[in-house]
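Here is the structure we will look at.
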Amino acid sequence: MVCLRRFLAFRNGPLRRKAVSVILGLIVVTTLDMLVSDGTFAELFTSGVTISSAQIVKSISVGVYQNRACTKRVLVIDWGLVEPGSTKGVTVFVRNEGNVAVRLSLEAIDWEPSNASDFVRLAWDYNGKVIKPRQVIRVVLALSVSPSMEGISTFSFNIVIVAW
């Protein structure tokens, strides 16, 4: 009987209103937590639009070939026997393999022995003109050995052609 009286007092009294408020508050908090965690809440209270984007990425690249048809890549240049005071030339074909017009620069690096660069010079006949995409140009690389070169019987270096 005591339990029945407590139940009736709770059902009709001020504690009931507090309990209902607490329960409703828990339901609202739980619902909001579920909506926020799966992104639904953001979708309900925000709006947006998706815009597609298409672009071409600038590509700068060159290839160096043995022939004008650009079917045989140059991987190594064998200058053969060079003597002090001599110059040797090798013809190569450079193709702009990027999608923008470029200019070129030439550099010789990684000399072995390192002092070989004091006596050997690499040059070319490229005139600095712009090279269009897919355009092929003929270039002569020239290796000049100083007449004062002494003490070096073999040397090597890497040729770097940079498009910019």
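Calculate the FRET efficiency for residue 129 and residue 75 from the Cβ-Cβ distance with a Förster distance of 25 Å, rounded to the nearest 0.05. Plugging the Cβ-Cβ distance into 1/(1 + (r/R0)^6) gives 0.45. The simple Förster model, with R0 at 35 Å and r as the Cβ-Cβ distance, assigns residue 83 and residue 58 a FRET efficiency of 0.20. For a paramagnetic label modelled on residue 110 (point 7 Å from Cα along Cα→Cβ), amide N atoms under 14 Å away belong, within the stretch 130-164, to 156-161.
We did not get these values from a lab; they are worked out from the coordinates using the rules stated. Given the structure is predicted, the values throughout are model-derived calculations rather than measurements. Here Cβ is always computed from backbone atoms with ideal geometry, including for glycine, and neighbour counts include all displayed protein chains.
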